[in-house]
Amino acid sequence: MLLGALGVAVVALVVVLVLQFATGGADAPENPVPAAFEIHDSGTEILATREADSRPLNKSELFGEDAKQIDSESQGITFELQSSSLSEDCASVVWGDDVRTALSEADCTQAARAGYTSDKYVGAVVMFNLRDQEAGQAVATALQPPKGEQAQPGGFIAVPTPEEDPFSSLGAGYSAAEATVSGHYLTVTWVQSIDSDDPSQRESLVSPIIALNSFRDPLYNRVVQLENLQEAQQQNSAPAA
């Protein structure tokens, strides 16, 4: 009987290991947060307010041909777009009351979310359209995971398609995120190695974060357009010689 019970236990263990291997590792907790998080300001003053940059984000701008594949030669990483959405319901792409409150107070009108994968990494990126630069800083601060194992996070961006591999493992391993304030836009980039399953096993994720930050390229196009518009207005308003 003991040998029979031992045999059943061994079979059960093998089944569990096979399932974990087949699905790419352990699933993330229900509300995952990154193990590492940083906040940066791009210094894009011309986009400081939505009043100065009133044109809403659009799908062709964010998810056109250039966004379907992010090929970073400098980092040696190619990301493929797996899922995308553009919503006026900013609360739907995050979890946590603190973050939802911060988005409401920041007058968030749009949230663009994308899920990317490469041969080694899984990544999520969200771009929020907020009132102004100060609002972007406030939301970025609300996303900051608390220090200490017992502290409860106030929320974070939600995992895109959490029921699908490899996105179901995002947050189960060691992951890192970066929040970048670009005027009245806030972009959150979150990456993890596909085979990582232990949040305590630190690794450098600088390269995939740099690569996935190319999602912000449409904002640079807006900067150029606004600069050209301002220059044209100044030339038209200049007194004739």
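The values are calculated or read from the model by the stated rules, or taken from the named source; none is laboratory data. On a predicted model such as this, the values are computed, not experimentally measured, just so you know. Neighbour counts run over all protein chains shown; Cβ positions are idealised from the backbone, glycine included. Ligands, DNA and RNA are excluded from the accessible area calculation, which covers all protein heavy atoms including side chains. Shrake-Rupley method; radii C 1.70, N 1.55, O 1.52, S 1.80 Å.
Restricting region 179-241 to GluC sites (Glu not before Pro) that sit in a DSSP loop and have at most 14 other Cβ atoms within 10 Å of their own Cβ leaves Glu203. Label sites at Asn236 and Asp41, each approximated as a point 7 angstrom past Cα along Cα to Cβ, lie 3.2 nm apart. Ordered from largest to smallest accessible area (heavy atoms of protein chains, 1.4 Å probe), the residues Thr141, Thr187 come out as Thr141, Thr187.
Taking N as the number of residues in region 157-210, what value does Rg over Cα atoms divided by 2.2 N^0.38 Å take? Let's see the in-between values first.
Details: Rg = 12.1 Å, N = 54, 2.2 N^0.38 = 10.0 Å.
Ratio of Rg to 2.2 N^0.38 Å for region 157-210: 1.21.
Of all lysines in the structure, those lying under 29 Å Cα to Cα from Lys68, and not within fewer than 8 positions of it along the same chain, are Lys59, Lys120. Measuring r between the beta carbons of Asn31 and Asp119 and using R0 = 22 Å, the FRET efficiency lands at 0.20. Which parts of region 154-187 would a label at Gln201 reach, counting a residue when its backbone N lies under 12 Å from a point 7 Å out along Cα-to-Cβ? Residues 173-175 qualify, since their backbone N sits under 12 Å from the label point.
Within the chain, what whole-number % of the accessible surface is contributed by carbon and sulfur, with the 1.4 Å probe and all protein chains included in the calculation?
52 percent
The structure shown yields Rg and Dmax of the Cα atoms in Å, and of the options (i) 21.2, 104; (ii) 17.2, 52; (iii) 19.6, 60 that calculated value carries the label (i).
Take the Cβ-Cβ distance between Lys59 and Gln152 as r, set R0 to 41 Å, and report the resulting FRET efficiency rounded to the nearest 0.05. Intermediate results must be reported in sequence, preceding the final value.
On the way: r = 35 Å, r/R0 = 0.86.
That gives a FRET efficiency of 0.70.
Compute the relative contact order of region 22-93 as a whole-number percentage, counting only Cα pairs closer than 8 Å that sit 6 or more residues apart in sequence. Walk me through the intermediate numbers first.
Numbers: 20 pairs, mean separation 12.4, N = 72.
Relative contact order, region 22-93: 17 percent.
Given a 1.4 Å probe, how much area per residue of region 120-241 is accessible, in Å²? Mind showing how you got there, number by number?
On the way: 5620 Å² over 122 residues.
With all protein chains present, region 120-241 gives 46 Å² per residue.
Mean residue ellipticity at 222 nm from the helices of the chain, using -39,500 (n - 2.57) per DSSP H segment of n ≥ 4 over the full residue count, to the nearest 500 deg cm²/dmol? Kindly include the intermediate steps, with their values, before the conclusion.
Working: 7 runs with 78 residues, N = 241.
That calculation yields -10000 deg cm²/dmol at 222 nm.
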